[in-house]
Amino acid sequence: MNIFVFVKHVPDTEARIKIDSSGKNIATADITFMDSPYDEFAVEQALLLAEANEGSVVTAVTIGSEDAKQLLRDNLAKGVNEVVHINSDKFGQFDALTTAKIIAAFLKDKEYDLVLFGNKAYGADNSLVPSMVAGLLDVAQINLVTKMEISGKSVKAERQVEGMTEIMEASMPCVISAQKGLNEPRMKSLKGIMAAKKKEIPSISVGDVIPESELTMGIEVLSLQNPAAKEGGKKFEGEPVDAATELFKYMREEIKIV
Amino acid sequence: MSNILVFVETRQGKIRKSSLEAITLAKKIGSKAIALVVDADADKIATELKEYGPDAVYTVKGIKNYSPDAYREALSAAIEKSGAKIVLASQTAMATDFIPAAAAKLNAGMVTDALEVKIDGGKVVTRKPIYAGKVLADYAINSDIAFVTIRPNVYPAESAASSPAVEELAVSIPVPKAEAKETKSASDELDVSEADVIISGGRGVKGPEGFEPLKELATLLGGAVGASRSAVDSEWISHQHQVGQTGKTVSPVLYVACGISGKIQHLAGMSSSKYIIAINKDAEAPIFDIADFGIVGDLFQVLPELTKKVKEVKG
């Protein structure tokens with residue numbers, strides 16, 4: 001099987017996010033970057049599937065600046081076979097449609113059975129790119145996957161929907177987006193880290209993949225802001241019975257919920 | 001002003017409540033609200049929709065099981081027929097599954113999980129939380145057709161009687177590339193993303209059985225049970241319940257955080273709740289910084305007392 005997995009480096013999820021002076025971008029100077037949390041489930045699934053299907057090749061791809069290469073090195077250390085870096089300094093400004101167009105154009109002349117993503121990237125939090133890529137390539141898709149198995153050319157997967165699990169069947173090639181619970185992502189091995197250090201990371205530019213004229217963006221950032229900090233209100237410390245009485249009063253008189 | 005097409009989600013013959021919210025919003029900002037219903041029983045659904053005031057209802061009856069590619073065809077046919085320049089839906093697993101594919105096919109921009117949608121200078125402008133709620137972004141959608149999904153519970157559904165024309169669309173349904181074969185109901189539990197009241201537990205709940213008092217109160221109040229990442233990672237409760245960074249971002253009327261310390265990743269997912277109550281033994285827990293009402297105490301002592309009082313009035 002040919003498996004492609006798309007990964008993205010994002011600000012450390014523990015970090016506070018500040019807005020830069022333009023008011024349209026986040027300030028990146030003081031933050032470290034990490035693999036987007038859901039992407040790790042996608043990478044792990046690619047590796048598990050490759051281990052179960054002899055002769056499979058897993059290719060990890062990222063779009064981003066030079067710094068994003070580290071992410072590919074980390075994935076080599078985990079065991080992916082090939083990596084491709086699509087170089088762009090503008091990536092942080094691309095919307096989902098633009099990103100999906102680049103990915104679809106990249107995949108168009110490749111042979112692929114499965115294309116894996118995290119179900120959303122920490123950042124725009126949109127969950128758009130996997131579905132958009134499936135639409136542009138006109139292939140099957142299953143999103144928010146928490147369990148999957150392959151037999152022949154078909155994929156059977158469970159996905160989480162509100163209050164239910166939906167069992168989907170799809171034909172390959174298929175786009176899959178991973179949800180937490182799909183697997184337990186592995187750590188990098190020391191041996192893997194050493195081997196990955198020596199590997200060349202092939203880099204191409206966005207222009208090699210798709211003419212820039214085709215990258216019209218669907219949405220435009222008008223402004224970013226940090227939400228107004230919520231202030232703490234009253235606090236009660238005392239006997240549980242009294243605490244419950246106070247709370248009940250608050251829920252009844254203030255919130256009017258009981 | 002433009003026609004707005006609203007995708008009305010149904011599951012097992014029932015309209016999703018949050019789809020009605022999308023109709024209400026469409027009526028506010030558009031000139032005409034046209035509802036699309038994909039369901040074998042679409043006529044019955046169309047009758048139910050009358051109370052919420054759509055100007056027209058399109059029905060597609062030929063799709064047996066949910067399939068992202070078949071639904072995409074139905075939506076594309078409805079967009080063409082309606083001439084809609086805005087496509088609205090509630091932020092659900094189904095809507096975010098097939099609608100982006102339709103948007104990309106039309107070279108259109110899309111914003112998901114919007115908290116606010118308006119038309120400004122002829123453009124659709126939306127506000128949405130990014131970085132798991134740490135930042136609010138205002139976006140203008142520049143493409144010819146704008147696609148938006150709105151977060152449930154933000155625009156309350158308002159009844160408005162109408163007598164819409166109901167029209168069945170002729171859609172050539174493709175052989176599905178992906179299709180739902182069955183659904184397993186975990187339970188009839190309300191999903192946290194749609195609940196008005198969330199009783200949420202963290203590390204302080206101490207184990208799976210510790211969620212029982214939370215469930216009892218949630219059921220009494222018609223709400224849902226939420227959880228912090230550490231409770232989910234400890235396997236005390238399933239990931240469906242997780243609120244915060246790697247879970248769901250929620251905006252209920254009331255969020256009760258029980259034994260949740262309040263890490264930034266959790267706060268990002270729930271700080272837009274209208275009222276926040278926190279119960280925690282640790283008086284220094286960061287959750288108290290954003291709680292409207294904080295109780296320093298043991299949740300296992302306070303909650304049962306509170307439940308007792310709620311029972312007396314809900315009897």
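Please work out the FRET efficiency for the pair A:Asp89 and B:Lys274, using the Cβ-Cβ distance as r and a Förster radius of 41 Å; give the result to the nearest 0.05.
Numbers: r = 41 Å, r/R0 = 1.00.
Rounded to the nearest 0.05, the efficiency is 0.50.
First measure r as the distance between the Cβ atoms of B:Asp289 and B:Asn107, then evaluate 1/(1 + (r/R0)^6) with R0 = 45 Å and state the FRET efficiency to the nearest 0.05.
0.50
Tally Lys and Arg at +1 and Asp and Glu at -1 over the other residues with C-beta under 10 Å from the C-beta of A:Asn226: what net charge comes out?
Here the charged neighbours net out to +3.
Report the residue, chosen from B:Ala46, B:Ala160, B:Ala78, that carries the largest GNM mean-square fluctuation when chain B is represented by alpha-carbon nodes joined by springs under 10 Å.
The residue with the greatest mean-square fluctuation here is B:Ala160.
In nanometres, what is the gap between the two model label sites at A:Glu82 and A:Lys198, each 7 Å from Cα along Cα-to-Cβ?
The two pseudo-label positions are separated by 2.1 nm.
Points 7 angstrom from Cα along the Cβ direction at B:Gln12 and A:Asp12: gap in nanometres?
Going from the B:Gln12 label point to the A:Asp12 one covers 4.6 nm.
Of the lysine pairs in the stretch B:31-130, how many meet both conditions: Cα atoms under 15 Å apart, and a spacing of 8 or more in sequence or different chains?
The result is 9.
For the protein assembly as shown, what is the convex hull volume of its Cα atoms per residue in Å³? Provide the component values of the computation, followed by the final result.
Working: hull volume 88.1 nm³, N = 573.
Cα convex hull per residue, to the nearest whole number: 154 Å³.
With everything on Cα atoms, drop me the angle between helix A:69-78 and the longest principal axis of chain A, reported from 0 to 90° to the nearest 10.
80
Please give the FRET efficiency for B:Ala170 paired with A:Leu222, using the beta carbon to beta carbon distance and R0 = 60 Å, rounded to the nearest 0.05.
For R0 = 60 Å, the calculated efficiency reads 0.90.
Pairing the Cα long axis of helix B:299-314 with the longest principal axis of chain B, what angle in degrees results, from 0 to 90 and rounded to the nearest 10?
The angle comes out near 60 degrees.
Above 18 angstrom, tally the Cα pairs of the stretch B:3-168 and express them as a % of all pairs, no decimals. It would help to have the intermediate numbers written out before the result.
Numbers: 7529 of 13695 pairs.
That fraction is 55 percent.
Please compute the Kirkwood hydrodynamic radius over the stretch B:168-243, one decimal place, Å, based on all pairs of different Cα atoms.
Details: mean 1/r = 0.0695 Å⁻¹.
Result for the stretch B:168-243, one decimal place: 14.4 Å.
So if I take the alpha carbon set of chain B, get Rg, then get Rh from the Kirkwood formula, what is the Rg over Rh ratio?
1.01
Give me the angle, in degrees from 0 to 90, between the Cα long axis of helix A:96-108 and the longest principal axis of the Cα atoms of chain A, rounded to the nearest 10.
Tilt of helix A:96-108: around 20 degrees.
Once label points are set 7 Å from the Cα along Cα→Cβ at both A:Asp242 and A:Arg186, what is their separation, rounded to one decimal in nm?
Rounded to a tenth, the inter-label distance reads 5.8 nm.
Over all directions, the average projected area of the alpha-carbon convex hull for chain A comes to how many nm²?
With every direction weighted equally, the projected area is 19.1 nm².
Ignoring any ligand, DNA or RNA, what whole percent of the accessible area of the protein assembly as shown comes from carbon and sulfur when the probe is 1.4 angstrom?
Answer for the protein assembly as shown: carbon and sulfur cover 48 percent of the accessible area.
Determine the calculated [θ] at 222 nm for chain B from helices alone, applying -39500 (n - 2.57) to every DSSP H run no shorter than 4 residues and normalising by the residue count; nearest 500 deg cm²/dmol.
Calculated from helices alone, the mean residue ellipticity at 222 nm is -8000 deg cm²/dmol.
Gap in Å between the Cα centre of the stretch B:249-315 and the Cα centre of the stretch B:1-63?
For the stretch B:1-63 versus the stretch B:249-315, the Cα centre distance is 36 Å.
Could you give the length gained by full extension between B:Lys118 and B:Lys308, i.e. 0.36 nm per residue of separation minus their alpha carbon distance, to one decimal place?
Result: 64.0 nm gained on full extension.
Cross-chain or 8 or more residues apart, Cα under 27 Å: how many lysine pairs in the stretch B:250-315 fit that? Count them up, please.
Taking the Cα cut-off of 27 Å, the pair count is 9.
Lys and Arg at +1, Asp and Glu at -1: add these up for the other residues within a Cβ distance under 14 Å of B:Pro208 and post the number.
-1
With viscosity set to 0.890 mPa s at 25 °C, what whole-number translational diffusion coefficient in µm²/s follows for the stretch B:3-56 from Stokes-Einstein and a Kirkwood radius over Cα pairs?
For the chosen part, D equals 226 µm²/s.
Counting other Cβ atoms within 10 Å of each Cβ, which trypsin sites (Lys or Arg not before Pro) in the stretch A:1-84 have at most 15 and sit in a DSSP loop?
A:Arg16, A:Lys18, A:Lys24
When chain A is treated as a GNM, springs tying every alpha-carbon pair under 10 Å, which of A:Asp74, A:Asp109, A:Asp12 comes out with the largest mean-square fluctuation?
Between A:Asp74, A:Asp109, A:Asp12, it is A:Asp109 that shows the largest mean-square fluctuation.
Distance between the C-alpha centers of the stretch B:181-225 and the stretch A:232-248? Whole Å please.
Spelled out, the Cα-based centre of one part sits 23 Å from the other.
How long is the gain from A:Glu66 to A:Asp109 if the chain were fully straight, where each residue apart is worth 0.36 nm and the alpha carbon distance is subtracted?
Working: separation 43, 0.36 × 43 = 15.48 nm, distance 2.47 nm.
So the chain would gain 13.0 nm between A:Glu66 and A:Asp109.
In vacuum, with every alpha carbon of the stretch A:1-132 counted as one equal point scatterer, what does the Debye formula give for log10 I(q)/I(0) at q = 0.19, 0.21 Å⁻¹? Two decimals, please.
-1.11, -1.35
Only loop residues by DSSP count here, and only those with at most 16 other Cβ atoms within 10 Å; note down the GluC sites (Glu not before Pro) in the stretch A:55-114 that meet that.
Here the sparse-neighbourhood loop sites are A:Glu111.
For the pairing of chain B with chain A, what total accessible surface becomes buried, with a 1.4 angstrom probe, in square angstrom to the nearest 100?
Details: alone 15330 and 15710 Å², together 23240 Å².
Rounded to the nearest hundred, the buried surface is 7800 Å².
Per 10 Å bin, what percent of the C-alpha pairs of the stretch B:192-314 does each bin hold, from zero upward?
Result returned by the calculation: 15, 52, 30, 2.
Using alpha carbon centroids, what distance separates the stretch A:87-119 and the stretch B:70-143, in Å?
Taking the Cα centre of the stretch B:70-143 as reference, the centre of the stretch A:87-119 is 20 Å away.
Compute, for B:Val192, the solvent-accessible surface of its heavy atoms (probe 1.4 Å) with the complete set of protein chains present, and express it in square angstrom to the nearest 10.
Only protein atoms counted, so the area is about 10 Å².
Using a loss threshold of 10 Å², tell me which positions in the stretch B:233-254 are less accessible in the complex than in their chain alone. Probe radius 1.4 Å, ligands and nucleic acids ignored.
Buried by the other chains: B:Asp233, B:His239, B:Gln240, B:Gln245, B:Thr246, B:Gly247, B:Val253, B:Leu254.
Would you mind giving the mean number of other chain beta-carbons within 10 Å of the Cβ of each residue in B:4-13, as a whole number?
Per-residue shielding by partner chains comes out at 1.
Restrict the search to the stretch A:163-205; then list the trypsin sites (Lys or Arg not before Pro) that DSSP places in a loop and that have at most 13 other Cβ atoms within 10 Å of their Cβ.
Loop-located and lightly packed - A:Lys199.
The values are calculated or read from the model by the stated rules, or taken from the named source; none is laboratory data. Owing to the predicted nature of the structure, the values given are computational and were not obtained by experimental measurement. Methodologically, a virtual Cβ is constructed for each residue, glycine included, from the backbone with ideal geometry; neighbour enumeration extends over all protein chains shown. These area figures cover heavy atoms from the full protein model, side chains too; ligands, DNA and RNA do not enter into them. Shrake-Rupley method; radii C 1.70, N 1.55, O 1.52, S 1.80 Å.
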